[in-house]
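Novice: Sharing a structure below in structure tokens format, with a few things to ask.
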Amino acid sequence: ASVLFAFACAGVAAGRAHAAEVPKNATPVLGAMQAELARSLAALKGQPVPPYFLSYEITETRRTAVSSSFGALVASNEGTTRVLDIDLRVGSPALDNTHAIRGGFGGGGGGGGSATSIPIEDSPDAIRATLWYQTDRRFKAAVEQFTRVKTNVQVKVAEEDKSGDFAAEPAQVFAEPPATFAVDRRALEEKVRRYTAPFAANPRIYAAQASLSVGVETRWYANSEGTLLQTSQP
């Protein structure tokens, strides 16, 4: 089974973004993310409401999964997926587009959003093209949401929670080698067949299913404070 990880990384003004050196063991994905992040920040810097924080996270899952019922194979597949998450914030750490809107719908949005697919091949040009397009979409949504946030704050009574919407954290740079992934799919299929076959002899058993899933999850993360991370776990 895959091991899931979450990065809690924060930052402050995008104008102070650091150009950290891509660490050893990093794949071309991390370098493409860092390059496009720097380009996007430079391109958006001149906007009336520029981002003060931007991060990219790409999660790759390589998986082989098989299942059987009563000794017969019912599913056997393998594949690779990559999804992109973007956190883009405009305004300031004290008040930004992710601030909850009180008394209505649509609050607390505009910074991130639903994950989107990204090329599974290590093609820097293809990865950067997707990052550029998605960053532009998130930026426009963030600016619109921030306008609603400011209006809501002005017309509502003072909030009890005076804490800001964002907190700064020191930059972290780390990359571990991608985990290897070699699975004998036929052997897995035989295992699940064998595990469920005995139940077929009993007519009183109406359901008997076994499933096996083996995978590797690799994550890349880059933000405007200079953090660059690559982790890979089975």
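Novice: Can you name the number of the only condition in (1) out of contact with any Lys or Arg (no Cβ under 9 Å at 6 or more places or on another chain); (2) modelled with pLDDT under 95; (3) buried (at least 17 other Cβ atoms within 10 Å of the Cβ) that His18 fails?
Specialist: Of (1) out of contact with any Lys or Arg (no Cβ under 9 Å at 6 or more places or on another chain); (2) modelled with pLDDT under 95; (3) buried (at least 17 other Cβ atoms within 10 Å of the Cβ), only one is false for His18: (3).
Novice: Hey, any hits in the stretch 47-55 for a residue that's among the β-branched types (Val, Ile, Thr), more than 21 Å from Ala182 (Cα to Cα) and open to solvent by less than 30 Å² (accessible area, probe 1.4 Å)? Break it down into steps so the answer makes sense when it comes.
Specialist: First pass over the stretch 47-55, keeping only residues among the β-branched types (Val, Ile, Thr): 49.
Checking which are more than 21 Å from Ala182 (Cα to Cα) leaves us with 49.
Restricting the remaining residues to those that are open to solvent by less than 30 Å² (accessible area, probe 1.4 Å) gives none.
No: the stretch 47-55 contains no residue that is among the β-branched types (Val, Ile, Thr), more than 21 Å from Ala182 (Cα to Cα) and open to solvent by less than 30 Å² (accessible area, probe 1.4 Å).
Novice: When you check Ser40 against the structure, is it surrounded by 14 or more Cβ atoms within 10 Å (Cβ to Cβ), within 30 Å of Ala207 (Cβ to Cβ) and either of a type in the set (Phe, Trp, Tyr) or in contact (Cβ under 8 Å) with a residue 60 or more places away in the chain (or both), yes or no?
Specialist: No.
Novice: Residue by residue through the stretch 76-98, note down the ones that are open to solvent by less than 60 Å² (accessible area, probe 1.4 Å), farther than 23 Å from Ser40 by Cα, of a type outside the set (Val, Ile, Thr) and touching a residue at least 40 places away in the same chain (Cβ under 8 Å).
Specialist: Ser76
The values are calculated or read from the model by the stated rules, or taken from the named source; none is laboratory data. Only a predicted model underlies this, so the values are computations on that prediction, with no experimental measurement involved. Cβ coordinates were reconstructed from backbone atoms using ideal geometry, including for glycine residues, and neighbour counts include every protein chain displayed. Note: areas computed on protein heavy atoms with side chains; ligands, DNA, RNA excluded. Shrake-Rupley method; radii C 1.70, N 1.55, O 1.52, S 1.80 Å.
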